[in-house]
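The values are calculated or read from the model by the stated rules, or taken from the named source; none is laboratory data. Keep in mind it's a predicted model, so treat the numbers as computed, not measured. Keep in mind that these areas ignore ligands, DNA and RNA; they rest on the heavy atoms of the full protein, side chains included. Shrake-Rupley method; radii C 1.70, N 1.55, O 1.52, S 1.80 Å.
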Amino acid sequence: WPNPVRETYHGDITIDGLTDESSVKITDVVGNLVYKTTSKGGRATWNGKIRNGERVNTGVYLIFCADKEGNQSRVIKLLFIH
């Protein structure tokens, strides 16, 4: 949430419904890793920025989620609009 992320939104993006300590990796559509984290209590957050602190470009991003054993996984599409 939110999805799509509009140019006027500047808060954290949240990914809910995960198991605790799930691996979360966010990539662009080419597969470049943009961000990675581990969920806490079924939720992961991302500020929408890359490592240098700049907001990501307009486009579709893929969020790969997997539980800590790698048994349950899903992929979510996220759209950023500038």
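Structural remarks
- Taking every C-alpha pair closer than 8 Å and separated by at least 6 residues, the mean separation divided by the residue count of the range 1-53 gives a relative contact order of 37 percent.
- Database remark: amide H of residue 48 closer than 5 angstrom to the amide H of 13 (H placed geometrically; neighbours at sequence offset of 5 or more, or on other chains; Pro and chain starts carry no H).
- HN-Hα J in Hz across the range 67-72 - Karplus 6.51, -1.76, 1.60, θ = phi - 60°, x for Gly and Pro: 5, 5, 8, x, 7, 10
- Gaussian network model of the chain, springs between alpha carbon atoms under 10 Å - residue of 47, 57, 71 with greatest fluctuation: 71
- Accessible surface, per residue, of the chain when the full set of protein chains is kept, probe 1.4 Å, Å²: 64
- Carbon plus sulfur fraction of accessible area for the range 29-82, probe 1.4 Å, in percent: 49
- Taking amide H as placed 1.01 Å from N in the peptide plane, residue 5 has its amide H under 5 Å from the amide H of 79, 80, 81, each at least 5 places away in sequence or on another chain.
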